[in-house]
Amino acid sequence: MSAPGPDHRPAHEDLPLQLARTKRFTLGVPGRLAVSPDGERVLFVRTGSGRSTVSGLWLHEDGTERMLADPLALGAAADGAEEIPEAELVRRERAREQSSGIVAYATDAAVRTAVFALSGEVWIVRTDGPAPRRVPTAGPAVTPRPSPDGSRIAYVTDGALRVVNIDGTDDRALAEPEGPEVTYGLADHVSAESVHRAHSFWWSPAGDALLVVRADTTPVQRWYISNPADPTRPPRAVRYPLAGTVNAELSLHVIRLDGTRVEVGLPARATTGHPAADWTDPAFEYVVEAGWDGNGPFTVVQTRDQRSAHILSIDPATGTTGLLHHQQEASWLEFVPGSPLRTAACGLVVTTQEGTRGLRMTGTSVRTPEGMYVRALLGAVGDRVFFTASEDPTEAHVWTYDPEDGFVRLTDEPGVHTAAVGGGTVVLDSRTLDGHTVTVLRDGKPAGRIEVPAERPVVEARPRFLTLGERELRAALYLPSSYEPGAARVPVVVHSYGGPGLQTVMRTRAWYHAVNQWYAEQGFAVLSVDGRGTPGRDRAWETAIHHDQLLPAIEDQADAVRAAGALFPDLDLGRVAIRGWSFGGYLAAGAVIHRPDVFHAAVAGAPPTDLRLYDTHWKERFMGHPDVHHDHYERCSLVAHAHKLTRPLMLVHGTADDNVVVGHTLRLSAALLAAGRPHTVLPLADATHLVTREGVIDSLLRLDLDFIKKSLNSRAT
């Protein structure tokens, strides 16, 4: 039986069930694209169809693609059940991985040899060789990475960094943990979840040493995550640094293959030009990024208050550091993913902090034009730098810069585009409202396509993109396909994330567009709004929520509802519900608590109701230190204002969530109960922050809909 293609729409299946079975339409989508330096080969991971949950490693070469490593042939279970090391489970949760099998890999410098872990075992495969071969290791392996010449593999097991030859010989420890809470080469919670640092060890170009992060979580507060549905299972201990508490102790080490090592002499504190504020902490506690290129090892360290950062060169022989670039900002520093980067002509490519977030090429003193919001630095080929940027916040395009040609945009069609590059090859990953394509360009000309067998939603989304109100809020409105102007009043459902790090008003085929249209087909007008604090515009827009994450976000949603009602008189502003997840859940619950005049019911999924229960890096950047800025946390706490609730509210939370723990919902529920405020709580047994399990996510959508219908129908006149 052939695999369903991208135009496949299952018969007799509604959108909630399709959403669950396709893992939010992520199955069949190519990911982790890597292009060889000569531009001849493209590696990627992908499931075989829009329903297969097992991801394999694929190769595109000479205009065709083939599976390079099939996890089913290597013994993986077809249902995705694996014996996965605990550290890998944690990594996948932080990375929001939704498939099983081969979900990550690493290559040598030539992209000839690829290494991956499967059920804790290390496998190696060559693009021009025989079938994959297992490499014996000393224990269950996490994050294996080959040396640049492909002769050795470094990996982590039980917190120790080890190296083994590709034939399985000479497996030895390079760094072993000095205690039960110490790891080498693994990210602590904050580094993975909030800093978004993807790696914790890097090979030298010569393959004779590694730059390694050592993390000691001993001083970090211990939490216990249990499964109340299974009282026989003991709770799982996690180290989670609450806002205002102690972080993991991080250090960097240059470790050579003979086991000798030097500790990198990281600066203790920012001493020059650190911005003044009510609360400052100039201690360098965060390792934002690191790497090892042809100029040597380097790192980016950031202060606890996130107002200063140093980009440092590292002497691999002595561990001494030199200051390459100093950054500071009065609110907090943002870093373009993929930066810093170094080229001969452009010099050090760094993130700018003023105006629109951009890039500055220190070697040419050129920065990206004002009004161009840079989203990611993709890499460089020679002196040509590739990056993605937005001029319209609802789109993202691929750009290049080099000193000779200046800035050139490579993509035109409205949508969200990104790319992978190598040699003369650019692989364009383009997502538009019409679909998703991955095109291989060689020297600017089409040289093939990578298949995207993801399913199309059974509901075709028809968002109307709007600009609303004085703040020019970007919004998307979804109306029922049967809608006829003037025929009837239509109740409203607001579905926004509305917070830092994520936009929902984008010209791309995304799962939330399909869900919003499905809601619309049930008889609603659905509105999605990107308010202050969301990415895509400029620094003033992002930092407008400094010291108040809640009320500006609620105000923007309320203003958008009124503005949309003025444009579309059929919208029934006397029946408005709001729903969301994570920050969106926090926004939804806050909206009915603080603005019951606009919002008449809410469904709040996994809401961080007490911001003091979230981690240091993410909350202190916006709110400051809770001991100094108690009023900021109190103002933005939903628990503190629970007594104000007068509208129907349903709280939903996974009991195994280790990002926004279920204690957030339980604390709010307790406060509501103490204040005599009726509400509904729906616990999701053994569910984490990313809820994708069939029978849960699909049923949850229907229960959301039922709750909103009943709540708004009670207001019908």
Next on the checklist: Quick check on Arg307: is it touching a residue at least 24 places away in the same chain (Cβ under 8 Å) and over 29 Å from the mean Cα position of the chain (by Cα)?
Outcome noted: no
Checklist outcome for this item: Given the conditions (1) among the hydrophobic types (A, V, I, L, M, F, W, C); (2) more than 13 Å from Asp538 (Cα to Cα); (3) under 23 Å from the mean Cα position of the chain (by Cα), every one holds for Met372 apart from (2)
Checklist entry - Within segment 601-652, how many residues are touching a strand residue (DSSP E or B) at 6+ places or on another chain (Cβ under 7 Å), part of a loop (DSSP other than H, G, I, E, B) and either without any contact (Cβ under 8 Å) to a residue 60 or more places away in the chain or of a type in the set (Lys, Arg) (or both)? => result 1
Next on the checklist: Can you tell me which residue is farthest from Asp278 (Cα to Cα) among those in segment 639-657 that are touching an Asp or Glu at 6+ places or on another chain (Cβ under 7 Å) and not polar (S, T, N, Q)?
Outcome noted: Ala656
Checklist entry - Looking at (1) under 30 Å from Arg21 (Cβ atoms); (2) surrounded by 20 or more Cβ atoms within 10 Å (Cβ to Cβ), which is the one condition that is false for Met623? => result (1)
Item to check | Leading residue by the ranking (modelled with the highest pLDDT) among those in segment 129-158 that are surrounded by fewer than 24 Cβ atoms within 10 Å (Cβ to Cβ), hydrophobic (A, V, I, L, M, F, W, C) and part of a loop (DSSP other than H, G, I, E, B) | outcome: Ala138
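The rows are residues; the columns are (1) of a type in the set (D, E, K, R); (2) closer than 22 Å to Val421 by Cβ; (3) free of Cβ contacts under 8 Å to residues at least 60 places away in the same chain.
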{"residue": "Leu323", "(1), (2), (3)": "no, no, yes"}
{"residue": "His326", "(1), (2), (3)": "no, no, yes"}
{"residue": "Leu341", "(1), (2), (3)": "no, yes, yes"}
{"residue": "Cys346", "(1), (2), (3)": "no, yes, yes"}
{"residue": "Val350", "(1), (2), (3)": "no, yes, yes"}
{"residue": "Thr362", "(1), (2), (3)": "no, yes, yes"}
{"residue": "Ala376", "(1), (2), (3)": "no, yes, yes"}
{"residue": "Ser390", "(1), (2), (3)": "no, yes, no"}
{"residue": "Thr394", "(1), (2), (3)": "no, no, no"}
Next on the checklist: Exactly one condition in (1) modelled with pLDDT of 95 or more; (2) out of contact with any Lys or Arg (no Cβ under 7 Å at 6 or more places or on another chain) is false for Val639; which is it?
Outcome noted: (2)
Next on the checklist: With closer than 30 Å to Tyr373 by Cβ, basic (Lys, Arg) and surrounded by 14 or more Cβ atoms within 10 Å (Cβ to Cβ) as the only criterion, which of Arg239, Arg256, Arg304, Arg261 stands out?
Outcome noted: Arg304
Checklist outcome for this item: Checking Glu121, Glu86, Glu93 in turn, the sole residue that is of a type outside the set (Phe, Trp, Tyr) and in contact (Cβ under 8 Å) with a residue 24 or more places away in the chain turns out to be Glu93
Checklist entry - For segment 219-259, list the strands (runs of 3 or more DSSP E) that sit wholly inside it and hold at least 3 residues that are closer than 25 Å to Leu684 by Cβ and either touching an Asp or Glu at 6+ places or on another chain (Cβ under 6 Å) or outside the structural domain of Val628 (by TED's automatic domain parsing) (or both); which are they? => result 222-225, 236-239
Checklist entry - Do we find a residue being touching a His at 6+ places or on another chain (Cβ under 9 Å), hydroxyl-bearing (Ser, Thr, Tyr) and closer than 23 Å to Ser331 by Cα anywhere in segment 576-593? => result yes
Next on the checklist: If a residue counts only when it is without any contact (Cβ under 8 Å) to a residue 40 or more places away in the chain, which strands (runs of 3 or more DSSP E) contained entirely in segment 399-455 have at least 3 such residues?
Outcome noted: 406-409, 435-442, 445-450
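The values are calculated or read from the model by the stated rules, or taken from the named source; none is laboratory data. If you're wondering where the values come from, they're calculated on a predicted model, not measured in any experiment. All Cβ positions, even for glycine, are placed from backbone atoms using ideal geometry, and neighbour counts span all protein chains on display.
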